[in-house]
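The values are calculated or read from the model by the stated rules, or taken from the named source; none is laboratory data. From a predicted model like this one, the values you see are computed outputs, not experimental measurements. Note: ideal-geometry Cβ built from the backbone for every residue, glycine included; neighbour counts use all protein chains shown. Ligands, DNA and RNA are stripped out before the accessible areas are found, and what is left, the full protein with its side chains, is counted by its heavy atoms. Shrake-Rupley method; radii C 1.70, N 1.55, O 1.52, S 1.80 Å.
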Amino acid sequence: MTSDEIARVCHEVNRAYCAALGDYSQARWEEAPSWQRESAVAGVRFHLDNPTAEPSASHEEWARVKRDAGWVHGAVKDERRKTHPCLVPFAELPREQQAKDMLFIVIVHSLKDDAPRLVEADLA
């Protein structure tokens, strides 16, 4: 799969995970703002280039990119004001937010081109 295709899967899994937590604010990939899609693609590329990166490194890279784009910590995510409640160190994130980074990594490494594939013999 390409980085863009993996990013789409990551985004949709994140959207479903957020919905399971009661957050229905995430748009479908096709309707998501370009900055959000670009962020997902950048995250995929980060993990493809850094295959041993931990979830905390993933989060810190995401936060660095956000801050470089002018985002700051805020109580609510607000695209217009560029505020986000997750712009804190990874260790300060609630566990359900840390889980999003963990899920992202597993998806990237499961879908990359050289990932091992299950075959029928693996399921026996």
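Numbers for the structure displayed
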read-out: Members of the range 1-13 that are open to solvent by 40 Å² or more (accessible area, probe 1.4 Å) and within 15 Å of the chain's Cα centre (by Cα); value: 4, 5, 8, 9, 12, 13
read-out: Residue match in the range 46-60 (condition: farther than 21 Å from residue 112 by Cβ and open to solvent by less than 70 Å² (accessible area, probe 1.4 Å)); value: no
read-out: Single unsatisfied condition, residue 71 versus (1) among the aromatic types (Phe, Trp, Tyr); (2) open to solvent by 30 Å² or more (accessible area, probe 1.4 Å); (3) more than 14 Å from the chain's Cα centre (by Cα); value: (2)
read-out: Leading residue by the ranking (least open to solvent (accessible area, probe 1.4 Å)) among those in the range 74-104 that are of a type in the set (S, T, N, Q) and within 22 Å of residue 12 (Cβ to Cβ); value: 98
read-out: Sole exception among (1) out of contact with any Cys (no Cβ under 7 Å at 6 or more places or on another chain); (2) open to solvent by less than 80 Å² (accessible area, probe 1.4 Å); (3) at pLDDT 95 or above for residue 107, by number; value: (1)
